[in-house]
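Structure first, then comments.
The values are calculated or read from the model by the stated rules, or taken from the named source; none is laboratory data. Every value quoted in this text rests on a predicted model; they were computed, and no experiment measured them. Heads up, the Cβs are rebuilt from the backbone with ideal geometry, glycines too, and the neighbour counts pull from every protein chain shown. Surface areas here come from the heavy atoms of the whole protein model, side chains and all, with no ligands, DNA or RNA. Shrake-Rupley method; radii C 1.70, N 1.55, O 1.52, S 1.80 Å.
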Amino acid sequence: MRRRKPKAPQYYEFDAALNVRPPFFKLANKERLQACGSLLAEPGWPDGYARLPRHPWRLPDYREPPLLLFDKKFGRPARDVENFGGLWFVTSAMKAFLERVDPGACEFRKCDTEWTSGEAGPEYWLCSVTRLLFGWDVIDLEKSRKMTVVIEPDGFPSYPVTGGYPFIHLKSDAVGSAHLFRIVGLGQAIFCDQTLKDAYKEAGIKGGDFLKIGVDHW
């Protein structure tokens, strides 16, 4: 009997699902969190581009906790994961899920939350996926389509894509045991493997969206 060829590992772009209406909350104190007005640590690569452990997706120590102000007039009910410029605001359930499935992949900062009426709001956390893999290590350039390689002035490559990330193939041996990660050279996108996707479905978390990558036809 001929043995079946084992299936190649599957990977996905993972983010909060797009919605035309914003959630119930607004970040009320962004300009007070740190002098630069950003939610992320600055400068992005303080030790030089692609030199770890310090990198652009680190969360700094803020002057005060992020304040989420809730009001139904702002939009729809908030979900377990909401996107905010490449970062997430997540519920305690989503935080627990991420820490259980892939410990060490993310950093969190607890938010202060309140309704405009003055009552305490639901528990939310600011979350950044801080595990970085490098595109020149994990992207399979021979298999990937609709992607070009651009050598930047600093000598490092970036990977502009046409039509999103579905046609990018990853090298599973280079990804290794990582379940959740960003790829240097692919902007703010967040990726995950089949293990995390399956666990997400079982956990009953709401708000996330998975787009399969590594496809040859669309």
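Against the condition of a type outside the set (S, T, N, Q), more than 22 Å from D112 (Cβ to Cβ) and surrounded by fewer than 16 Cβ atoms within 10 Å (Cβ to Cβ), how does P60 come out, does it pass? If you could, list the steps in order and put the result at the bottom.
Working: of a type outside the set (S, T, N, Q): yes; more than 22 Å from D112 (Cβ to Cβ): no; surrounded by fewer than 16 Cβ atoms within 10 Å (Cβ to Cβ): yes.
Criteria not met by P60.
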- request: Please report, ordered by residue number, the strands (runs of 3 or more DSSP E) entirely within the stretch 36-106 with at least 2 residues that are in contact (Cβ under 8 Å) with a residue 60 or more places away in the chain.
  value: 81-84, 87-91
Subset tally (residues that are open to solvent by 50 Å² or more (accessible area, probe 1.4 Å) and polar (S, T, N, Q)) for the stretch 114-148: 3
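Tally up the residues in the stretch 99-113 that are within 28 Å of R32 (Cα to Cα) and either of a type outside the set (S, T, N, Q) or open to solvent by 30 Å² or more (accessible area, probe 1.4 Å) (or both), please. Can you show your working first?
Just the residues of the stretch 99-113 that are within 28 Å of R32 (Cα to Cα), to begin with: 104-113.
Next, only the ones that are either of a type outside the set (S, T, N, Q) or open to solvent by 30 Å² or more (accessible area, probe 1.4 Å) (or both) stay: 104-112.
Total satisfying the criteria: 9.
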task: Please determine, by comparing only the residues of the stretch 149-185 that are farther than 22 Å from R131 by Cβ and out of contact with any strand residue (DSSP E or B) (no Cβ under 8 Å at 6 or more places or on another chain), which one is surrounded by the fewest Cβ atoms within 10 Å (Cβ to Cβ).
output: P153
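Tell me whether the stretch 137-147 contains one or more residues that are under 26 Å from R79 (Cα atoms) and at pLDDT below 95.
At the first step, the residues of the stretch 137-147 found to be under 26 Å from R79 (Cα atoms) are none.
Among the residues of the stretch 137-147, not one is under 26 Å from R79 (Cα atoms) and at pLDDT below 95, which makes the answer no.
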- prompt: In the stretch 186-216, what residues are touching a strand residue (DSSP E or B) at 6+ places or on another chain (Cβ under 7 Å), surrounded by fewer than 20 Cβ atoms within 10 Å (Cβ to Cβ) and in a helix (DSSP H, G or I)?
  reply: K197
message: Looking only at residues that are aliphatic (A, V, I, L, M) and assigned to a loop (DSSP other than H, G, I, E, B) in the stretch 24-35, which one is least open to solvent (accessible area, probe 1.4 Å)?
response: A28
Qualifying residue in the stretch 158-174 (condition: modelled with pLDDT of 95 or more, among the aliphatic types (A, V, I, L, M) and under 20 Å from R100 (Cβ atoms)): no
